[in-house]
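Worksheet: one structure, shown below.
The values are calculated or read from the model by the stated rules, or taken from the named source; none is laboratory data. Worth saying up front: this structure is predicted, and the values here are computed from it rather than measured. Quick reminder, even Gly has a Cβ in these numbers, built from the backbone with ideal geometry, and neighbours come from all protein chains shown.
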Amino acid sequence: MKLKLLLLLTLLLTITLALFPDVAEESMRIEALGWQFESKQGAFVILVLVLLFVVMLVQRLVLALMAGPGQLWQTLRSGGVRRREQSLQEALAQYVDMRSDAGQKKFKKARALLPEWGKSLLDVLSVAPHAQALPHAQQDALTTAFSARLATDPEWSALVDDATRKAHLDAWLHVHPDAPLAQVRLLDLYLEGKHWKPALELLSGMAKQPLRSDAWLQAQKVRTCLALAQAEPENSPSYLRQAERIAPNYPDLVIALGEQRLQAGDVKEAEKIWLNHLKKHDDLKVAEVAFKMLQSDAMAAFRRIEKVKGSDALQWLSAVLAHAAKLDGLAQESLSELLERRSDTLFWQTQAQWYAQKGEYPKSMEAYERAIEQAREIG
């Protein structure tokens, strides 16, 4: 800050002396302690400014020496260009791939240095994302990744066809094989297009994904396995076993395992799978599927599970089976107990349907309103 002020003062004095040359050429004399000093005013002012500059520079060097060699190097700023260029390149690579802290620390080390190779990045930035050219063999890795990141931005997906996005992402992963952002975007592309096999291969190769949680990755793996089980019935058991190893309690998987047993004609095993799940997991989605299967013989099913303890979902299943078996008193008692303990959209919908069946339409409307209110809170 002091150096800036000194430079500003020098500039102002230079302009002043240039505007008034007579003042600059005028002689001056200084006498002190028996010494005499004669000079022209312009030269004297310049001498004073030079001395001030030297004093400030020496002061900064002394402080830097006292602070250590690292601070001295920072002050002199006379070398390390190649190292700063490398830091900047690594910082940009981290930013493009969304690694680590996105290059923030290395950007600070590199300062504002932009070497020759940075010009290609500026060329990429000057082109709109949907107009980015496909990579070529002579293109360097960083430019390829940077261009691919821009071209595959989800905000531009409507203007970039899937084949072009895929080509950019393949090139990106070729130069940066473990780029987290490239992996996520390629996976999204596969899932959007329902390309389940390559999606599963990509998911299987993701050891760690900093941009997605482990729970999200597990859900996508199971979803992909289930989709492949439906698309390839002959390989369905294999895909279901793979999904079961990943997340054995995933609701859609539990439903699929039960339906597989139903297709094989083993109704008891399907019921066992679903009820065992509901004993431990409060899963209303599984409970609804189980009710559709059991309601044909509601009385027998209710008798089998009425004393079984488990989740709220299991209690709801017991209540709707009792209602289907015309045991309205037991059904209402069980449902009322659930509603006192927990306000859930499905519980209120069930209550509304029961009121409507009895012709109690005001109460039914009120229950539906509560269901809508609860759905809004959740959503």
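I need every pair where a residue in region 273-301 that is within 19 Å of Pro248 (Cβ to Cβ) and modelled with pLDDT of 95 or more has its Cβ under 7 Å from the Cβ of a residue that is among the basic types (Lys, Arg) and surrounded by fewer than 19 Cβ atoms within 10 Å (Cβ to Cβ), sequence separation at least 6 or different chains.
Note: pairs meeting the criteria are Ile273/Arg261.
Could you list all residues from region 128-149 that are of a type outside the set (S, T, N, Q) and touching a Leu at 6+ places or on another chain (Cβ under 8 Å)?
Step one: of region 128-149, the residues of a type outside the set (S, T, N, Q) are 128-131, 133-137, 140-142, 145-146, 148-149.
Selection gives Pro129, His130, Leu142, Phe146, Ala148, Arg149.
Can we say His130 is surrounded by fewer than 19 Cβ atoms within 10 Å (Cβ to Cβ) and over 24 Å from the mean Cα position of the chain (by Cα)?
Details: surrounded by fewer than 19 Cβ atoms within 10 Å (Cβ to Cβ): yes; over 24 Å from the mean Cα position of the chain (by Cα): no.
So His130 does not fit the description; no.
Scan region 180-187 and give yes if some residue there is free of Cβ contacts under 8 Å to residues at least 12 places away in the same chain and among the hydrophobic types (A, V, I, L, M, F, W, C), otherwise no.
Of region 180-187, the ones free of Cβ contacts under 8 Å to residues at least 12 places away in the same chain are none.
Within region 180-187 (the criterion being free of Cβ contacts under 8 Å to residues at least 12 places away in the same chain and among the hydrophobic types (A, V, I, L, M, F, W, C)), the answer is no, since none of the residues qualifies.
Return yes when Leu346 is of a type outside the set (Val, Ile, Thr), under 25 Å from Tyr250 (Cβ atoms), touching a residue at least 60 places away in the same chain (Cβ under 8 Å) and surrounded by 15 or more Cβ atoms within 10 Å (Cβ to Cβ) and no when it is not.
Values: of a type outside the set (Val, Ile, Thr): yes; under 25 Å from Tyr250 (Cβ atoms): yes; touching a residue at least 60 places away in the same chain (Cβ under 8 Å): yes; surrounded by 15 or more Cβ atoms within 10 Å (Cβ to Cβ): yes.
When the stated conditions are applied, Leu346 passes them.
Could you check how many residues of region 241-267 are assigned to a loop (DSSP other than H, G, I, E, B) and without any contact (Cβ under 8 Å) to a residue 12 or more places away in the chain?
Of all residues in region 241-267, those assigned to a loop (DSSP other than H, G, I, E, B) come to 247-250, 264-266.
Retained after the next criterion (residues that are without any contact (Cβ under 8 Å) to a residue 12 or more places away in the chain): 248, 264-266.
Here the count works out to 4.
Quick one: count up the residues across region 340-379 that are polar (S, T, N, Q) and part of a loop (DSSP other than H, G, I, E, B). Give the derivation first.
Kept after step one, since they are polar (S, T, N, Q), are these residues of region 340-379: 343, 345, 349-351, 353, 357, 364, 374.
Narrowing the set further to residues that are part of a loop (DSSP other than H, G, I, E, B) leaves 343.
Within region 340-379, residues that are polar (S, T, N, Q) and part of a loop (DSSP other than H, G, I, E, B) number 1.
Among the residues of region 349-377, write down those that are out of contact with any helix residue (DSSP H, G or I) (no Cβ under 7 Å at 6 or more places or on another chain) and either touching a residue at least 60 places away in the same chain (Cβ under 8 Å) or hydrophobic (A, V, I, L, M, F, W, C) (or both).
Just the residues of region 349-377 that are out of contact with any helix residue (DSSP H, G or I) (no Cβ under 7 Å at 6 or more places or on another chain), to begin with: 353, 357-362, 365-366, 369, 372-373, 376-377.
Selection gives Met365, Ile372.
Considering only region 303-339, state which residues are assigned to a helix (DSSP H, G or I), of a type in the set (Val, Ile, Thr) and over 16 Å from Met293 (Cβ atoms). Spell out the reasoning first.
Of the residues in region 303-339, the ones assigned to a helix (DSSP H, G or I) are 303-305, 312-324, 328-339.
Going one step further and asking which of them are of a type in the set (Val, Ile, Thr), we end up with 305, 320.
Of everything in region 303-339, nothing turns out to be assigned to a helix (DSSP H, G or I), of a type in the set (Val, Ile, Thr) and over 16 Å from Met293 (Cβ atoms).
Please verify whether Asp282 is surrounded by fewer than 17 Cβ atoms within 10 Å (Cβ to Cβ) and over 42 Å from the mean Cα position of the chain (by Cα), treating the condition exactly as stated.
no
Name the residue that is modelled with the lowest pLDDT, counting only residues in region 103-125 that are part of a loop (DSSP other than H, G, I, E, B) and surrounded by fewer than 16 Cβ atoms within 10 Å (Cβ to Cβ).
Arg111
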